[in-house]
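To start, the structure under review is shown below, and the notes come after it.
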Amino acid sequence: MAARKILLSEAEIPRKWYNILADIKLNPPLGPDGKPVQPEALAPVFPMNLIEQEVSPERWIDVPEDVLKVLSIWRPSPLIRALSLEKALDTPARIYFKNEGVSPPGSHKPNTAVPQAYYNKVFGIEKITTETGAGQWGSALAFACAQFGIECKVFMVRVSFDQKPYRKSMMETWGGKCIASPSTETKAGRDALEKDPETPGSLGIAISEAIEAAVSDETGKTRYSLGSVLNHVMLHQTIIGLETKKQLKKIGEYPDIIIGCAGGGSNFAGIAFPFVYDKINGQEIEIYPVEPAACPTMTKAPFAYDHGDTAGYTPLLPMHSLGHAFVPPPVHAGGLRYHGMSPIVSQLVVEGIIEPKAATQLDSMAAGVLFARTEGMIPAPETNHALACVIDEAIKAKEEGKEKVILFNWSGHGLIDLVAYDKYFAGDLQNFVLSEEELLRSQKVFENFPKPQLIKSR
Ligand SMILES: Cc1ncc(COP(=O)(O)O)c(C=O)c1O
């Protein structure tokens, strides 16, 4: 019988993260004056040790011992061959998934929450604010803050706050505070509510609220933390792909195709970047980030300079963007409802190193149900987007009669997202189609911003 689980020992947890900034070039973030932002300008928002990591050109960065100690609660995560899914699809493809759902909060998010809490603690920070979409990130940060004795406050996008009440319960169990966004606690929240009292909220608005709450705290001991998009987040997540490489090596496999769902880009980056390194150095691999068709950042929106949040508190980032004021339709994959994308992931799209795909809500849920009924584990609605693409590729392999190796990131479990499954079975979920006019209208917000250069890293 073919091996199902490929495991590593704790001693094999990677001791260094891979920093892709050593291998690709990015346009710089820009300040309000249109000039590149100097790292010190970010000091009221992030601790300096994380800002240094954000701009570091070093290819390998040490994982601190205290971070490894916490990561070892669930790492190394298993790599699993999806034998039953392969059988159901009658495909010659061999499908492997990295199970990031085994972490205490249930997703890949603590891979960066833990180092972020650690670096804040070392810097003397006592409280961290953040936003969360589906609640995976907020609960991951609450868990990490509990490990290092830091206060945590989470602004949770209203639609998910209502759909997923148990995420708040998790945050509170770990000692965090969670409030619905937009809230009346910040100017950004009050402005959003004034504009539309019934708004479902968005990650862009929640980010504005969390930044405002951090920088307006008079103690000087509060900072903000972001669960995706930024370079240091992508860096921390590479532990996923680095472990996977070791696991595949043990069984003499190498992927032909790598797939991850993409909201801000971090779990995709985590599994893909160590292999992007190989691709840049001549290896042939297809690498697909998959986003929701209802929030088609990479597949439909331009590469532009835009703010990472709705109120415009962040620098201008070079990324694919639907416009910082865009409020995505209330799909159940709350963690994928983001108007922008990681600048690194965007740059890889621009350079043609990776190829974005989009999946609809209904196709994704169907893929998640097939996975649950074959492999047993119930995936998060976000993860289902990766699965929809995996299934397409496995069927294509069958049609072409090719024994492809497909690797994907199982970014989280869906045990707190069962409302999405209930609604799917009741026929209450729908696909959202954005018209060309809507897309063009939402992009007007960055019409007059500077344009990023089309850089070729090599
Ligand atoms: C399970 C899961 N997968 C994926 C994502 C998308 O985020 P990212 O693109 O940063 O991995 C989220 C975000 O909340 C998530 O909870």
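Rounded to the nearest 500, what is the chain's calculated 222 nm mean residue ellipticity when only DSSP H runs of at least 4 contribute -39500 (n - 2.57) each, over all residues? Before the final figure, lay out each step's value.
Values: 17 runs with 181 residues, N = 458.
Estimated from H runs of four or more residues: -12000 deg cm²/dmol.
Please state the shape class of region 120-198: rounded when a/c is under 1.5, otherwise prolate if a/b exceeds b/c and oblate if not, all from the C-alpha gyration tensor. Before the final figure, lay out the partial values.
Numbers: a/c = 3.09, a/b = 1.55, b/c = 2.00.
Verdict is oblate for region 120-198.
Within 15 Å, Cβ to Cβ, of I150, how many net charges do the neighbouring residues add up to if Lys/Arg are +1 and Asp/Glu are -1?
Working: positive: K121, K127, K153, K177, K221, R223; negative: D66, E126, E151, D217.
Summing Lys and Arg as +1 and Asp and Glu as -1 gives +2.
List the GluC sites (Glu not before Pro) within region 195-285 that fall in a DSSP loop (any state other than H, G, I, E or B) and whose Cβ has at most 10 other Cβ atoms within 10 Å.
Working: sites: E198, E209, E212, E218, E243, E253, E284; in loops: E198, E218, E253, E284.
Loop-located and lightly packed - E198, E218, E284.
Output the pairs from K127/K153; K187/K451; K16/K69; K300/K398; K87/K250; K69/K121 with a Cα-Cα distance over 18 Å in this structure; if there are none, say none.
Values: K127/K153 8 Å; K187/K451 29 Å; K16/K69 14 Å; K300/K398 29 Å; K87/K250 23 Å; K69/K121 15 Å.
With Cα atoms farther than 18 Å apart: K187/K451; K300/K398; K87/K250.
Accessible area of region 65-139 with a 1.4 Å probe: how many percent of it is carbon plus sulfur?
On the way: 970 of 1960 Å².
In region 65-139, the share of accessible area belonging to carbon and sulfur is 49 percent.
In the chain, if the dipole is taken from +1 on Lys/Arg beta carbons and -1 on Asp/Glu beta carbons about the Cα centre, which of S364, G334, P302 is farthest to the positive end?
Farthest towards the positive pole: S364.
Take the alpha carbon gyration tensor of the chain, find the square roots of its eigenvalues, order them as a ≥ b ≥ c, and report rounded if a/c is under 1.5; if not, report prolate when a/b exceeds b/c, else oblate. Write down the numbers at each step before the final one.
Working: a/c = 1.34, a/b = 1.26, b/c = 1.07.
Rounded, because the longest to shortest axis ratio a/c is under 1.5.
Please work out whether region 12-69 counts as rounded, prolate or oblate from its C-alpha gyration tensor, where a ≥ b ≥ c are the square roots of the eigenvalues and a/c under 1.5 means rounded, while otherwise a/b larger than b/c means prolate and anything else oblate? Mind showing how you got there, number by number?
Numbers: a/c = 4.35, a/b = 1.70, b/c = 2.56.
Here region 12-69 falls in the oblate category.
What's the magnitude of the charge dipole for the chain around its Cα centre, counting Lys and Arg as +1 and Asp and Glu as -1 at the beta-carbon? Answer in Debye, nearest 20.
Values: 46 positive and 54 negative charges, 189 e Å.
Value, rounded to 20: 900 debye.
How big is D for region 315-458, in µm² s⁻¹ as a whole number, if Stokes-Einstein is applied with the Kirkwood radius of its Cα pairs at 20 °C and 1.002 mPa s? Present the calculation step by step, with values, prior to reporting the outcome.
Working: Rh = 17.4 Å.
This corresponds to a translational diffusion coefficient of 123 µm²/s.
Residues with amide H under 5 Å of C261's amide H, sequence separation 5 or more or different chain, H placed in the peptide plane at 1.01 Å from N; which?
V290, A386, N409
Using the alpha-carbon centroid of each, what span in Å lies between region 83-158 and region 304-377?
For region 83-158 versus region 304-377, the Cα centre distance is 17 Å.
Which Cys in the chain stand alone, with every other cysteine's Cβ at 4.7 Å or more from theirs?
C178, C261, C295, C389
What are the GluC sites (Glu not before Pro) within region 36-122 that DSSP puts in a loop, where the Cβ has at most 15 other Cβ atoms within 10 Å? Before the final figure, lay out each step's value.
Numbers: sites: E40, E52, E54, E58, E65, E86, E100; in loops: E58.
Answer by residue number: E58.
Ignoring ligands, DNA and RNA, please state the percent of accessible area on region 234-362 from carbon and sulfur, probe 1.4 Å.
That share works out to 50 percent.
Using a 1.4 angstrom probe, figure out how much accessible area the chain has per residue, in square angstrom, rounded to the nearest whole.
On the way: 17280 Å² over 458 residues.
Spelled out: the 1.4 Å probe surface of the chain, per residue, equals 38 Å².
Exactly which chymotrypsin sites (Phe, Trp or Tyr not before Pro) in region 311-404 are in a DSSP loop and have at most 16 other Cβ atoms within 10 Å?
Those that pass, being in a loop and sparsely packed, number zero.
In debye, nearest 20, what is the charge dipole magnitude of region 321-438 about its Cα centre with +1 on Lys and Arg Cβ and -1 on Asp and Glu Cβ, if you could check?
Working: 8 positive and 16 negative charges, 58 e Å.
About 280 debye.
The values are calculated or read from the model by the stated rules, or taken from the named source; none is laboratory data. Only a predicted model underlies this, so the values are computations on that prediction, with no experimental measurement involved. For neighbour counting, all protein chains shown are included, and Cβ atoms are generated from backbone atoms with ideal geometry for every residue, glycine included. When the accessible area is computed, the model is the full protein with side chains, heavy atoms only, and any ligands, DNA or RNA have been set aside. Shrake-Rupley method; radii C 1.70, N 1.55, O 1.52, S 1.80 Å.
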